[in-house]
Amino acid sequence: MSQNTINLSNSKRKFVRWRAAIIPKHHTQAFEGKITEANADILTLISATEFKAGCEARLMLEVHEYLGMESTKNTLDLTGKFINSALIGHISVFRHQFQLQALSHQQQLLLNKLTSS
């Protein structure tokens, strides 16, 4: 992959602050996380728990949609898999990238709206 491709991908991300419940496949326990960057198909999240690349999971996100002075709270129930993970040493948490899969049309529209500049 060329450096230009990476830069184009990174230019489309939006910095966000969304709360997330992370439920790995075949688990019932939810882990806490925070989405820090998002675009239409990849989310970057911070979590105290490590998730291996390739691990499938369900994310329950609490997102706010703003229209002027009013906001609407939405919950997104998304599925996908972790594509990489890195320990952030100075604060001892993990930074993960999560590839979204099988979004409904309504989920895709809301995510596009929330991540457009």
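The values are calculated or read from the model by the stated rules, or taken from the named source; none is laboratory data. All figures in this text were calculated on a predicted structure; none of them were measured in a lab. Don't worry about glycine lacking a Cβ; one is built from the backbone with ideal geometry, like all the others, and counts go over all protein chains shown. Ligands, DNA and RNA are excluded from the accessible area calculation, which covers all protein heavy atoms including side chains. Shrake-Rupley method; radii C 1.70, N 1.55, O 1.52, S 1.80 Å.
Taking strands (runs of 3 or more DSSP E) as the structural unit, those lying wholly within region 8-51 and holding at least 3 residues that are open to solvent by 20 Å² or more (accessible area, probe 1.4 Å) and of a type in the set (Lys, Arg) correspond to 14-24. Taken over region 67-86, the criterion of being touching a strand residue (DSSP E or B) at 6+ places or on another chain (Cβ under 8 Å), open to solvent by 80 Å² or more (accessible area, probe 1.4 Å), without any contact (Cβ under 8 Å) to a residue 12 or more places away in the chain and of a type outside the set (D, E, K, R) is satisfied by no residue.
Selection within region 37-76: residues that are at pLDDT below 85 and acidic (Asp, Glu). The member of this set that is nearest to Gly89 (Cα to Cα) is Glu65. Sub-6 Å Cβ pairs linking a first residue in region 11-27 that is at pLDDT below 90 to a second residue that is crowded, with 17+ Cβ neighbours inside 10 Å and part of a helix (DSSP H, G or I), at least 6 apart or interchain, are Lys14/Thr115, ordered by first then second residue. In the set Leu59, Leu76, Leu87, only one residue is more than 15 Å from Arg13 (Cα to Cα), more than 13 Å from the chain's Cα centre (by Cα) and in a strand (DSSP E or B); that residue is Leu87.
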